Number of protein chains: 2
Amino acid sequence: MRSSVVVLEMPFAELRYATTGCSLTLHHTEKPEHEDICEYRPYSCPCPGASCKWQGSLEAVMSHLMHAHKSITTLQGEDIVFLATDINLPGAVDWVMMQSCFGHHFMLVLEKQEKYEGHQQFFAIVLLIGTRKQAENFAYRLELNGNRRRLTWEATPRSIHDGVAAAIMNSDCLVFDTAIAHLFADNGNLGINVTISTCCQ
Amino acid sequence: MRSSVVVLEMPFAELRYATTGCSLTLHHTEKPEHEDICEYRPYSCPCPGASCKWQGSLEAVMSHLMHAHKSITTLQGEDIVFLATDINLPGAVDWVMMQSCFGHHFMLVLEKQEKYEGHQQFFAIVLLIGTRKQAENFAYRLELNGNRRRLTWEATPRSIHDGVAAAIMNSDCLVFDTAIAHLFADNGNLGINVTISTCCQ
């Protein structure tokens, strides 16, 4: 829930998330920018698309997903296959599943959208149901494989606090177009190998 | 050199490259399609862009490159770094270098172009100075690495007989946009790790 602290138009103002733990004091011009990344701001529902308006604490995210988004499949293990079916469906489409390993839950998202007009692209990414700091302890690998070709993307998972939109905007994820998708797809279904590991840094 | 066989408009016609070795007899409707892939057709200069009109035999390609395209660097070894400088140069740009290993010459091409209007992309690929059949004995890996991210593309080299245009059209190569290029670039220069291996198939 959003805290109800009144935002005062003073040079130095208390922050919107002060009641949930943030103790910074910033000049009011710095405030909007800080609030976008403040670790004390509430978590939004990590499901892609803006349809679910739920907000709450990190601890409540998993129970929200289990109750409000029952259709999301969970697979156990650090090395799984994320099977996206019917990738030829027209328009913007999201495929979502959960992967559970190392005592954490990860959300796998494949999003098909037209970032540039007339050029449909796929964006695949792994998010940690956790803070950005926790996410830095992990690495993930997404791999498309087949027909004597392999495309691999390795990176640090995003925290669901940061969400997928910025990563897609910056192409900071596995990006491929429909021609590549068809190179690797089998009968309209695309298997993405997902491996999560702990990070030695 | 193109052979000078006259193409007769008969149902079954001798093929354009009959004098250079092709002995197929095809219905005339199949001819243009076959000629595009006929292994006996002459080799064109493999340099990207249409500026060099040279054609000749496979055996003559390397000496053509060494005499007419002296500026192309060659590196020895199966594992090298292809450094593309000034990737922010505007417009369509090609970076080309040669890699020599396993007794063969490979051409590395990075091409920046606007396949979709307003969306600049990079396409990287490895070609063998050799036939398609020879190319099938090798595999290549292109890798962008840095900032806790890695993007890898592994495939069979293309023969210079097939060229890069079709591969780029079909995204059958390493494809990335300017945002990804900037994630991996250092001061406007992009290092691509290139590894060539022999194939066990």
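The values are calculated or read from the model by the stated rules, or taken from the named source; none is laboratory data. From a predicted model like this one, the values you see are computed outputs, not experimental measurements. For neighbour counting, all protein chains shown are included, and Cβ atoms are generated from backbone atoms with ideal geometry for every residue, glycine included. Just the protein is used for accessible areas: all its heavy atoms, side chains included, with ligands, DNA and RNA removed. Shrake-Rupley method; radii C 1.70, N 1.55, O 1.52, S 1.80 Å.
At a threshold of 40 Å², the residues of segment A:137-156 that become less accessible to a 1.4 Å probe in the full protein assembly than in their chain on its own are A:148, A:149, A:150, A:151, A:152, A:153, A:154.
Where the accessible area of segment B:47-150 is counted over protein heavy atoms with a 1.4 Å probe, how much of it, in %, is carbon and sulfur? C and S fraction of accessible area: 49 percent. Per residue, the accessible area of segment B:67-198 comes to 43 Å², computed with a 1.4 Å probe over protein heavy atoms only.
List every residue whose amide H lies under 5 Å from the amide H of residue A:78, counting only residues 5 or more places away in sequence or on a different chain, with H placed 1.01 Å from N in the peptide plane. When sequence neighbours closer than 5 places are left aside, there are no close amide H contacts.
The spacing between segment B:58-117 and segment B:155-201, judged by their C-alpha centroids, is 11 Å. With 21 Å as the limit, the listed pairs A:70/A:115; A:70/A:133; A:115/B:112 have A:70/A:115; A:70/A:133 beyond it between alpha carbons. With θ taken as phi - 60° and the Karplus curve 6.51 cos²θ - 1.76 cosθ + 1.60 applied, the whole-hertz 3J(HN,Hα) list for segment B:99-104 is 10, 10, 6, 6, x, 10 Hz, x standing for glycine and proline. Residues of segment A:166-201 that bury at least 20 Å² of accessible area once all protein chains are present, compared with their chain alone (1.4 Å probe, heavy atoms only, ligands and nucleic acids left out), are A:170, A:171, A:172, A:175, A:177, A:179, A:180, A:183, A:201.
Per-residue 3J(HN,Hα) values for segment A:45-53, derived from phi via the Karplus relation 6.51 cos²θ - 1.76 cosθ + 1.60 with θ = phi - 60°, read 4, x, 5, x, x, 9, 6, 8, 9 Hz in sequence order (x marks Gly and Pro). This model, with +1 at the C-beta of Lys and Arg and -1 at the C-beta of Asp and Glu, gives segment A:67-198 a dipole about its Cα centre of some 180 debye.
Over segment A:67-198, with a single point scatterer placed on each C-alpha, what log10 of the ratio I(q)/I(0) does the Debye formula yield at q = 0.16, 0.18 1/Å? After summing over all Cα pairs, the log10 values are -0.78, -1.00.
Give a residue-ordered list of calculated ³J(HN,Hα) values for segment A:145-159 (Karplus: 6.51 cos²θ - 1.76 cosθ + 1.60, θ = phi - 60°; whole Hz; x for Gly, Pro). Per residue, the Karplus-derived 3J(HN,Hα) values read 9, x, 6, 6, 9, 8, 10, 10, 10, 10, 6, 7, x, 7, 6 Hz. Label point of residue B:72 (7 Å along Cα→beta-carbon): distances to the other copies' equivalent points are 5.0 nm, sorted ascending. For the chain pair A and B, the buried solvent-accessible surface (1.4 Å probe, both sides summed) amounts to about 2300 Å². Under a model in which nothing but the beta-carbon of Lys, Arg (+1) and Asp, Glu (-1) is charged, segment A:134-175 shows a dipole of about 320 debye around its Cα centre. Axis between A and B by rotation; chain A residue with nearest Cβ and distance in whole Å recorded as A:152, 2.
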